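Read the figures in this text as sums done on the coordinates, not as results from a lab. Remember, predicted model here, so these are calculated numbers, not experimental data. Counting neighbours? That spans all protein chains shown, and the Cβs are built from the backbone with ideal geometry, glycine included.
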Amino acid sequence: MTNSGKPLPRQLANLTSIRQVTDLTDHPVLDDLDVALLTNLNRYPRIGDLELSRMTSVARATVHSRLRRLQELGVIASWAPDIDTRSAGFPVQAFVTLEIAQGALDDVEAHLAAIPEVLEAYVTTGSSDVLCKIATASHSQLQETLVRLNCSPMVVRSTSVVVLSVRIERRVLPLLAHRSGAANRPPAYRRASPRPPAPG
């Protein structure tokens, strides 16, 4: 059951090891300062608390407490670098939908995790059960990866589509800004154009 009392779709009903999908409607809405901090961190990943406080015109202690809160909430999930798979030598990308055998949805996670070309995997509603994102170095490697995906008896059927070009890269900030109201009502501390942090 979801937090709202509605039953989960068939694909989600028996999940144990795969990360659960939860109702996030009770999570706090980020305010304009949160979005401003995240925007500057995204723009200047190596920026420090002091420079962030200058750019947002709030106390350094406020910046520190806000960033700690964002980490505790899981909004800032990691400080690790954002690695571009294409630049790293894996320019061929594809999305693959999998139809899983009845009762085997939990077990398929280990099969997918053992294939390094599988970057992400999601349980979904609809005619298929799992959606995977794949990256490979070549089309021949993509074909080999698809064969490995299908060799499992847990996978009944798969459908793949190859990415030809990327029109919109993965993005989060416009969504956060829209929800917080920052997109339509810039806060006072962002109206003045902040100076970028000093190099080094």
| Check D31: other-chain or 5+ apart residues with amide H under 5 Å from its amide H, H built from backbone geometry? | none
| remark: Length gained, S158-A110, 0.36 nm per residue minus C-alpha separation, equals 15.6 nm
| note | Length-normalised contact order of the range 92-162, Cα under 8 Å, at least 6 apart, in percent, tallies to 50
| said: Can you compute 3J(HN,Hα) from phi for each residue in the range 66-82, using the Karplus curve 6.51 cos²θ - 1.76 cosθ + 1.60 with θ = phi - 60°, rounded to whole Hz and x for Gly and Pro? | reply: 5, 5, 5, 5, 5, 5, 4, 6, x, 5, 8, 7, 6, 9, 5, x, 8
| task | Rounded to the nearest 0.05, what FRET efficiency do Q71 and K133 give with R0 = 25 Å and r taken as the Cβ-Cβ distance? Could you check? | result | 0.45
| note | Sorted by chain and number, the residues with a modelled amide H under 5 Å from that of T124, at a separation of 5 or more or across chains, are V130, L131
| field | Förster radius 30 Å - calculated FRET efficiency between A80 and A101 (Cβ-Cβ, nearest 0.05) | value | 0.30
| query | Which whole-number value in Å³ per residue fits the convex hull of the alpha carbons of the range 92-162? | reply | 74
